[in-house]
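Where a number appears in this text, it was derived from the coordinates with a stated rule and is not lab data. All of these numbers come straight from a predicted model, not from anything done at the bench. Every residue, glycine as well, gets a Cβ built from its backbone with ideal geometry; the counts of neighbours run over all protein chains shown.
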Amino acid sequence: MIPDGAVTITIRHRVGFHETDAMGIVHHSNYLKYCENARVVWLETHDKSYPDWIEMGLHFAVTKVDLDYKQPARFDDRLDVTTWLEWVRGASLAMAYEISRDGELLCSGRTEHASINGEGRVRRLPKEDRERLGRTAVTEYSRGD
């Protein structure tokens, strides 16, 4: 359930035939792609674009994924993918997601990310970026980590 006060973005995705498996349902791996697309749009809408982060020498590497599948999606379904920032810390952040069809929840989940440089080493997010992101997080900004 989307928490009260969450700063969200919802994108629409039309399921392509190539996203389905032999049973005619969306293959489970595609839900993570839907989340990734929504996360990139969330950053662009509520913070700065992912290319801007890359220009700063930072990437957000996925460190944890948790998806809870409730109902299957099928070819040509129109899905709404909603995401929001749960928390941000010194060198990490967590995003949460809901994927629905016509108001019916199909999948919910979250991803955690480490802030890394181009060589894959963990790097703290600049303080001003952490604080700015923290103002959009569901849980309060944490100075720790």
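Six or more apart or on different chains, Cβ under 8 Å: which pairs go from a residue in the range 62-79 that's under 10 Å from residue 106 (Cβ atoms) to one that's in a strand (DSSP E or B) and among the basic types (Lys, Arg)? Could you list them? Correct list of pairs: 71/101; 73/101; 77/14; 77/101; 79/12; 79/14; 79/101.
Mind checking which residues of the range 66-92 are basic (Lys, Arg) and either touching a Phe, Trp or Tyr at 6+ places or on another chain (Cβ under 7 Å) or closer than 14 Å to residue 137 by Cα (or both)?
Here is the first cut: in the range 66-92, the residues basic (Lys, Arg) are 70, 74, 78, 89.
89, the sole residue that qualifies.
In the list 2, 11, 54, which residue meets the criterion of being assigned to a strand (DSSP E or B) and among the aliphatic types (A, V, I, L, M)? Reasoning before the result, please.
Values: 2 fails: assigned to a strand (DSSP E or B); 54 fails: assigned to a strand (DSSP E or B).
Testing whether each residue is assigned to a strand (DSSP E or B) and among the aliphatic types (A, V, I, L, M) leaves just 11.
Suppose the filter is in a strand (DSSP E or B), in contact with a His (Cβ under 7 Å, 6 or more places away or on another chain) and under 15 Å from residue 8 (Cβ atoms); does residue 62 pass it? Criteria not met by residue 62.
Here residue 34 passes the criteria (1) within 17 Å of residue 106 (Cα to Cα); (2) aromatic (Phe, Trp, Tyr); (3) part of a strand (DSSP E or B) except the one numbered (3).
Every test in (1) over 12 Å from the mean Cα position of the chain (by Cα); (2) under 30 Å from residue 124 (Cα atoms); (3) not β-branched (Val, Ile, Thr) is passed by residue 12 save one, and that test is (2).
Identify, please: which residue in the range 2-49 is touching a His at 6+ places or on another chain (Cβ under 8 Å) and hydroxyl-bearing (Ser, Thr, Tyr) and is, among those, surrounded by the most Cβ atoms within 10 Å (Cβ to Cβ)? Don't jump to the end; show me each part of the working.
Going residue by residue through the range 2-49, those that are touching a His at 6+ places or on another chain (Cβ under 8 Å) are 7, 9, 19-21, 34, 37.
Filter once more, keeping what is hydroxyl-bearing (Ser, Thr, Tyr): 20, 34.
Details: 20: 19, 34: 23.
Checking each candidate, the answer is 34.
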